[in-house]
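Report on the following structure.
The values are calculated or read from the model by the stated rules, or taken from the named source; none is laboratory data. Only a predicted model underlies this, so the values are computations on that prediction, with no experimental measurement involved. Neighbour counts run over all protein chains shown; Cβ positions are idealised from the backbone, glycine included. To get the accessible areas, we keep the full protein, side chains included, count just its heavy atoms, and leave off ligands, DNA and RNA. Shrake-Rupley method; radii C 1.70, N 1.55, O 1.52, S 1.80 Å.
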Amino acid sequence: MRTLVQRVASVANLNEHSINPNSHWVNLKGSWTTNIVLIIALRLLFGTIPWTTPELSWTLTNLSYCLFQYIMFHGIIGTPFEVNQGAYDNLTLWEQMDNGEQYTPAKKFLTVVPIIVFLISTHYSNYDVATFIINFTAVLIVLIAKLPAFHRVRFFGINMGQNDYN
């Protein structure tokens, strides 16, 4: 029977010193720079559309970046590599990062960046209530998924691996 909230089974036989090629790149400074470049590119892209205002450009940038982060780090499970005998098959990229350890520099960076983009988009939208609610909802969804309390937790059976159903 499926329940509203389910916890993914713990990963067994993981060596803390083994490198997961699926999530190792997140710790590299180049990936941090890529995040910043992506935000700037999104803002420039939305800013070049003739009918967009700066307020709308920043809101679209925030929404796009939050959607990108959610899909990339919380929406896709597994790994394309078979180096850990399937140990990461039922985990999202966020759960695979740093072998599940919380509050690492990469996880802090990827948590702070959406907050900064949210603050910038709120400022440039002149603190309009409707735009604030849209931006806040997007960043809230991304940040809730990053909380340690939701580590390996699935809602409504979404992202449950084949071995997780009992």
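So ASP89 ticks every box in (1) at pLDDT 95 or above; (2) touching a Ser or Thr at 6+ places or on another chain (Cβ under 9 Å) but one. Which box is left unticked?
(1)
Filter region 145-159 for residues that are closer than 15 Å to ILE71 by Cα and either modelled with pLDDT of 95 or more or open to solvent by less than 70 Å² (accessible area, probe 1.4 Å) (or both) and give the result.
ALA145, LYS146, ARG154, ASN159
Taking region 99-131 as the search range and keeping residues that are open to solvent by 80 Å² or more (accessible area, probe 1.4 Å) and in a helix (DSSP H, G or I), which one is nearest to LEU56 (Cα to Cα)?
Among them, the one singled out is TYR124.
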